1. If you take the residues of segment 1-40 that are touching a residue at least 12 places away in the same chain (Cβ under 8 Å) and part of a loop (DSSP other than H, G, I, E, B), which of them is surrounded by the most Cβ atoms within 10 Å (Cβ to Cβ)?
2. Pairs only if they're at least six apart or on different chains, beta carbon under 6 angstrom, first in segment 41-59 and in contact (Cβ under 8 Å) with a residue 12 or more places away in the chain and surrounded by fewer than 17 Cβ atoms within 10 Å (Cβ to Cβ), second part of a helix (DSSP H, G or I) and of a type outside the set (Gly, Ala, Ser); list them, first residue then second.
3. ARG107 is checked against (1) at pLDDT 90 or above; (2) surrounded by 10 or more Cβ atoms within 10 Å (Cβ to Cβ); (3) out of contact with any Asp or Glu (no Cβ under 7 Å at 6 or more places or on another chain) and fails just one. What number does that condition carry?
4. Residue by residue through segment 1-28, note down the ones that are at pLDDT 95 or above and more than 23 Å from SER67 (Cα to Cα).
5. Which one is farthest from LEU50 (Cα to Cα) among residues in segment 70-102 that are surrounded by 11 or more Cβ atoms within 10 Å (Cβ to Cβ) and of a type in the set (A, V, I, L, M)?
6. Could you tell me whether segment 63-71 includes any residue that is more than 26 Å from MET1 (Cα to Cα) and small (Gly, Ala, Ser)?
Amino acid sequence: MEVVVLSPSDSALLSARYAEHANSFRRMLAALQEAGAADGAERLRALRKLEIAFDVDLGMLCHWYESRDDESTHPVARTIIRYIVQNRQTDAGQEIWMNLDRVRELRTLMEEDRLVGEPES
């Protein structure tokens, strides 16, 4: 099982990239650099490397996770979010676990778009 473990601050950073910067790494990086937030920019770079290595959009997942209890979030979406993401209390503190195997399962399910396999007569 592959899992990406994030701190709440990492999750908030990625969610902000998704919501405030149209999920653009470059836009958020530029904004952080302009604001003089060197630590945030470095952390964003490290998180982007994780996304590339695992081929997963952590910004979208973190945004979904943060909005899971909003009134506007559909109950099916809540179930999917809870299937992918878990909030855990460990000795190190609060952690957010993204189950990448489950992300891949859902991706495969969504790509299964064939309805009929034979041609029409």
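1. Applying the filter and picking the extreme gives ASN23.
2. From segment 41-59, the pairs are PHE54/LEU100.
3. With respect to (1) at pLDDT 90 or above; (2) surrounded by 10 or more Cβ atoms within 10 Å (Cβ to Cβ); (3) out of contact with any Asp or Glu (no Cβ under 7 Å at 6 or more places or on another chain), ARG107 is out only on (1).
4. ARG26
5. Among them, the one singled out is ALA77.
6. If we filter segment 63-71 for residues that are more than 26 Å from MET1 (Cα to Cα), which is where we start, we get 69-71.
From the residues that got through so far, the ones that are small (Gly, Ala, Ser) too are none.
For segment 63-71, residues more than 26 Å from MET1 (Cα to Cα) and small (Gly, Ala, Ser): absent.
The values are calculated or read from the model by the stated rules, or taken from the named source; none is laboratory data. Remember, predicted model here, so these are calculated numbers, not experimental data. So basically every Cβ, Gly included, is an ideal-geometry build from the backbone, and we count neighbours across all protein chains shown.
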